[in-house]
1. Determine whether the range 299-313 contains at least one residue that is part of a loop (DSSP other than H, G, I, E, B), in the same structural domain as residue 382 (by TED's automatic domain parsing) and on the phi < 0 side of the Ramachandran plot.
2. Can you confirm whether residue 266 is in a helix (DSSP H, G or I), surrounded by 14 or more Cβ atoms within 10 Å (Cβ to Cβ) and outside the structural domain of residue 358 (by TED's automatic domain parsing)?
3. Exactly one condition in (1) at pLDDT 95 or above; (2) in a helix (DSSP H, G or I); (3) surrounded by 18 or more Cβ atoms within 10 Å (Cβ to Cβ) is false for residue 157; which is it?
4. Take the range 21-66 and flag every residue that is assigned to a loop (DSSP other than H, G, I, E, B) and either within 25 Å of the chain's Cα centre (by Cα) or free of Cβ contacts under 8 Å to residues at least 40 places away in the same chain (or both).
5. Condition first: modelled with pLDDT of 95 or more, out of contact with any strand residue (DSSP E or B) (no Cβ under 8 Å at 6 or more places or on another chain) and closer than 17 Å to residue 137 by Cβ. Can you find one or more residues in the range 38-49 that meet it?
6. When residues of the range 106-136 are filtered for being farther than 23 Å from residue 28 by Cβ, assigned to a helix (DSSP H, G or I) and modelled with pLDDT of 95 or more, how many remain?
7. Any idea which of (1) surrounded by fewer than 20 Cβ atoms within 10 Å (Cβ to Cβ); (2) assigned to a helix (DSSP H, G or I); (3) touching a strand residue (DSSP E or B) at 6+ places or on another chain (Cβ under 6 Å) is the one residue 241 doesn't satisfy?
8. Out of everything in the range 322-337 that is touching a helix residue (DSSP H, G or I) at 6+ places or on another chain (Cβ under 7 Å) and not in a helix (DSSP H, G or I), what residue ends up being nearest to residue 271 (Cα to Cα)?
């Protein structure tokens with residue numbers, strides 16, 4: 001009986017990791033082992049194991065059918081010049097690239113991806129240099145490259161069997177002029193063709209001609225597999241941050257850490273959007289490509305508070321062609337105590353600090369409680385807001401901040417998640433995170449509940465006491481594993497909460513977390529841990545998940561509901577501390 005009970009307890013503590021995931025683990029081990037060798041690899045050596053992994057984002061990889069949405073999901077997360085690339089070189093910093101034989105890398109052109117902030121440089125010919133900041137960059141990059149190559153080669157094969165191929169290669173025919181023939185040759189629907197042209201449309205004729213001309217077999221090389229490099233890069237980033245904000249004395253002041261985005265906190269405290277709301281709305285409606293006019297018609301007769309999120313959204317594209325507006329916005333942010341540290345040389349990570357004592361009651365979003373602001377005038381605390389990192393980068397950054405901060409008073413994490421309940425834009429409040437890096441199940445008291453958010457809601461639903469999984473990468477789970485998670489009442493899939501909690505466990509408990517265990521995080525002193533996820537896609541909606549367009553105004557209410565709740569929690573906590581001093 002005791003043996004049976006022990007087995008049941010071990011099963012309870014184990015991370016939700018079904019047998020079906022064995023192929024995913026084999027895939028992860030395969031590309032890490034290949035890259036850690038000294039030689040350059042040809043990506044086709046990983047294609048079969050990629051197909052066998054049966055990723056939920058690439059379930060048709062083993063078929064001859066073109067999975068346009070999987071191709072685009074990859075293309076959005078890879079540099080836009082990839083159609084011109086035959087070699088991919090990976091490393092953590094320019095020094096490693098120079099040592100590896102790329103001494104002129106400083107002169108290469110930047111090669112951004114639409115849906116990733118990862119730094120990449122292109123030599124203008126055939127080689128792409130990709131900068132990585134954690135193991136998660138590898139887990140994100142390699143499956144995306146495989147999916148891209150597999151679908152590219154499917155399209156090449158079909159084009160090569162048609163009379164269209166030679167005409168496209170020679171330039172006698174442009175892809176933009178033969179849309180119907182292209183759809184027929186590739187056996188894709190009108191909707192898929194439209195999606196391909198819309199998302200991948202820049203240099204459309206050139207890209208389709210390149211597919212017709214040759215198959216892909218990327219040559220990939222990792223220049224350094226020393227994980228200590230990641231820690232060193234974060235240390236350099238922190239040193240650069242301290243130097244940039246040298247007059248703020250960050251190392252000597254209490255900190256509240258937020259992991260979110262670079263715009264919503266600034267908008268809540270600067271007052272820019274409300275002051276220039278008429279100009280913002282006029283500009284947004286004149287340049288509307290997202291159906292904003294219809295949304296404005298619903299809002300224009302509402303009270304001003306109901307329109308604030310719309311003003312914030314309209315602010316995104318406002319003033320891009322007029323530097324004077326940007327200067328005004330920066331001045332208003334700095335007056336409200338917010339300063340920015342841009343993408344530095346060491347880590348592609350924008351950071352902000354907010355001096356709580358300088359927040360202006362006449363500028364702050366009116367949905368926040370202004371009564372707390374007078375007592376905050378004597379606060380020494382800062383908010384440190386970092387742009388949401390990718391995967392295990394969160395661990396390195398959190399560890400560095402926890403190690404260096406004089407006093408960390410709370411950590412608040414806001415990010416996107418795939419959700420197995422509700423709709424896109426709904427909010428989940430987790431109290432348990434299963435981490436695929438450590439195979440731990442982290443149990444913690446989330447400082448947020450529905451009552452913290454309900455005052456800011458109009459249309460969005462909130463689900464509290466949820467269980468989420470932090471996966472290694474977006475491609476690194478199968479349909480079987482998703483179904484298994486759903487049966488076990490895990491409702492969210494994301495990449496960062498587990499790494500954050502691993503670092504927080506080390507900070508709070510003074511030791512590394514165990515592995516494959518049920519781990520409770522219990523601060524010994526008042527300390528907020530707040531995690532809010534909003535749904536960016538629904539795994540069971542294949543098309544929506546794979547396309548993964550920018551959420552746009554669909555995620556607007558969730559973004560600002562979460563940001564308002566986080567900022568209000570910090571204001572309340574700091575005010576209560578000051579009252580006892």
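The values are calculated or read from the model by the stated rules, or taken from the named source; none is laboratory data. Everything numeric in this text was worked out from a predicted model, so none of it was measured. No Cβ is skipped: glycine too gets one built from the backbone with ideal geometry, and neighbour counts run over all protein chains shown.
1. The first filter runs over the range 299-313 and keeps only residues part of a loop (DSSP other than H, G, I, E, B), leaving 300-303.
Those still in the list that are in the same structural domain as residue 382 (by TED's automatic domain parsing) too: none.
The answer is no; no qualifying residue exists.
2. Values: in a helix (DSSP H, G or I): yes; surrounded by 14 or more Cβ atoms within 10 Å (Cβ to Cβ): yes; outside the structural domain of residue 358 (by TED's automatic domain parsing): no.
No.
3. (3)
4. First pass over the range 21-66, keeping only residues assigned to a loop (DSSP other than H, G, I, E, B): 37-40, 53-54, 56-66.
Within the range 21-66, 37, 38, 53, 54, 56, 57, 58, 59, 60, 61, 62, 63 qualify.
5. Yes, the range 38-49 contains a residue that is modelled with pLDDT of 95 or more, out of contact with any strand residue (DSSP E or B) (no Cβ under 8 Å at 6 or more places or on another chain) and closer than 17 Å to residue 137 by Cβ.
6. Residues flagged as farther than 23 Å from residue 28 by Cβ, assigned to a helix (DSSP H, G or I) and modelled with pLDDT of 95 or more within the range 106-136 amount to 1.
7. (1)
8. 336
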